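Data first, discussion second: the structure below is written as structure tokens.
The values are calculated or read from the model by the stated rules, or taken from the named source; none is laboratory data. Since this is a predicted model, take the numbers as computed values, not measurements. Because the Cβ atoms are built from the backbone with ideal geometry, glycine has one as well, and the counts that use them run over all protein chains shown.
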Amino acid sequence: MKKRFLAVCTALVAATALTAGCGVLAGSDGGSEKVTLWLMKGSASDEFIEKFTADFEKQHPGTDLEVKIQEWKGIGDKVNAVLAGKGKEHADVIEVGNTQVAQYVETGGLSELTLEGLRTWGSKDWLRGLSDPGSVNGAQYGVPWYAANRVVIYNKDLFAGAGIKTPPRNRQEWIAATQKLDKGDQQGIYLPGQNWYVLAGFVWDEGGELAVESGGQWVGALDDEKALAGMDFYKQLQALGKGPKNADEETPPQAEVFARGQVAQIIAPPGQAAQIEAANPALKGKLGYFPIPGKASDKAGSVLTGGSDLVIPARTAHRSGAVDLITALVSEKWQTELARTMSYVPNKTTLARVVEGNEGAAAMAAGAAQGRATPKSGRWAEVEAKNPLKPYMTAVLTGQDPRQAAKTASETMSQVLNSDR
């Protein structure tokens, strides 16, 4: 589905734009310059796009902004076609998943944006989980746009019934609270055995990694002592509920399990609360949120950051207009509008305050400050497709030797990350 938001500027306005030095050149024929933005379906509401487009064109006379909505399915091939200059479609700015940037850098065709990030976009305050995967070999290609991550969603009534008045702030308090909540038919937490997104945060909290790069080669690192400690904490927490050891959070959907009313906590994006309430309207107003606790009370636990970056194809004929477009999208005004409209986390730690009135988004923002991303390999998507982490987690939870299971998974990761396409 494509939506086109286009305003026609008069020749007089275009001429004014040239003399005013707004930073966007009009088309060579003396008419308007058209800048094309690709956004992914569901990333921004129609209302946001319409308001942003009108404002951008007002602030940049002589520029028409065309927004095209793209589907996630098959987007990789479409983006690569644009970067290679193949096919009829083109774009000047493209929204991509934060962990996709490395693969587009590998295939070539992205414009470097390091200087703009430093000079104009405040890169020193960017969320690490968005900015790190957008940087390859010290050069910035992806500009953070918005983030989302997992938090703990909890049943306030069950917490009150267990005498827990405030959410836990560290792992020790979290385990103690969950032990109180895990009684009879009630589950302290529903944590399926193969939720590797959650495991990644625990591994990082211990100082471990999923994989590391050395001398141009990637090596799976799950069998490192620190990574093993992260898996050990996952096992301890997972035992305080009845989550299946051989399935992930979608089998069955954990929101549906929570909605039955006998689960005290799940780890999920705040948006799952809407699914829970839809399945059980009696839980409306009874759901709370807190960041995944870290090892100490002074900061939240590490989380896997999801979200999007903005990139500029090197082949764009409108680089100046593309830079202006990103400048607007990452401005405080539009970061605030996007975060509040979509319940996202803004792209900077300094903007976390703009979602303080939204309990779920505020919990996300606290976690996002400790956010990380998957290894910066263009082949990481292939690791997720094969996903040796899931059978590794099940093996440990069902009593197999953790070190041997981790070694097997690490070897598979190394093979995939270093294989030729």
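Among the residues of the range 35-61, those identified as surrounded by 15 or more Cβ atoms within 10 Å (Cβ to Cβ) and within 16 Å of residue 91 (Cβ to Cβ) are 35, 36, 37, 38, 39, 40, 43, 44, 49, 53, 56.
Here's the yes/no breakdown for (1) aromatic (Phe, Trp, Tyr); (2) farther than 28 Å from residue 252 by Cβ:
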{"position": "171", "(1), (2)": "no, no"}
{"position": "176", "(1), (2)": "no, yes"}
{"position": "190", "(1), (2)": "yes, no"}
{"position": "193", "(1), (2)": "no, no"}
{"position": "203", "(1), (2)": "no, no"}
{"position": "207", "(1), (2)": "no, yes"}
{"position": "218", "(1), (2)": "yes, yes"}
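Scan the range 374-421 residue by residue and report those that are among the charged types (D, E, K, R) and under 21 Å from residue 302 (Cβ atoms). If the condition is that a residue be among the charged types (D, E, K, R) and under 21 Å from residue 302 (Cβ atoms), then 376, 384, 390 are the ones that fit. Against the numbered list (1) crowded, with 21+ Cβ neighbours inside 10 Å; (2) in contact with a strand residue (DSSP E or B) (Cβ under 9 Å, 6 or more places away or on another chain); (3) touching a residue at least 60 places away in the same chain (Cβ under 8 Å), residue 355 comes up short only at (3).
Per-residue answers, yes or no, for (1) in a loop (DSSP other than H, G, I, E, B); (2) not aromatic (Phe, Trp, Tyr):
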site: 202; (1), (2): no, no
site: 223; (1), (2): yes, yes
site: 227; (1), (2): no, yes
site: 243; (1), (2): yes, yes
site: 255; (1), (2): no, yes
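Scanning the range 330-345 turns up one or more residues that are assigned by TED's automatic domain parsing to the domain that holds residue 99, out of contact with any helix residue (DSSP H, G or I) (no Cβ under 7 Å at 6 or more places or on another chain), buried (at least 23 other Cβ atoms within 10 Å of the Cβ) and under 30 Å from residue 108 (Cα atoms).
For residue 382, the conditions (1) in the same structural domain as residue 236 (by TED's automatic domain parsing); (2) at pLDDT 95 or above; (3) in a helix (DSSP H, G or I) all hold with the exception of (2).
For the range 368-406, filtered to residues that are among the hydrophobic types (A, V, I, L, M, F, W, C) and under 30 Å from residue 354 (Cβ atoms), the residue that is surrounded by the most Cβ atoms within 10 Å (Cβ to Cβ) is 368. Could you check, for the range 184-202, whether at least one of its residues is closer than 30 Å to residue 116 by Cα and either of a type in the set (Phe, Trp, Tyr) or modelled with pLDDT of 95 or more (or both)? Among the residues of the range 184-202, not one is closer than 30 Å to residue 116 by Cα and either of a type in the set (Phe, Trp, Tyr) or modelled with pLDDT of 95 or more (or both), which makes the answer no. Of the strands (runs of 3 or more DSSP E) entirely within the range 259-374, those holding at least 3 residues that are at pLDDT 95 or above and under 23 Å from residue 133 (Cα atoms) occupy 306-311. With respect to residue 96, is the statement that it is surrounded by 16 or more Cβ atoms within 10 Å (Cβ to Cβ) and part of a helix (DSSP H, G or I) true? No.
Please verify whether the range 163-170 includes one or more residues that are in a helix (DSSP H, G or I), under 27 Å from residue 282 (Cα atoms) and at pLDDT 95 or above. No, the range 163-170 contains no residue that is in a helix (DSSP H, G or I), under 27 Å from residue 282 (Cα atoms) and at pLDDT 95 or above.
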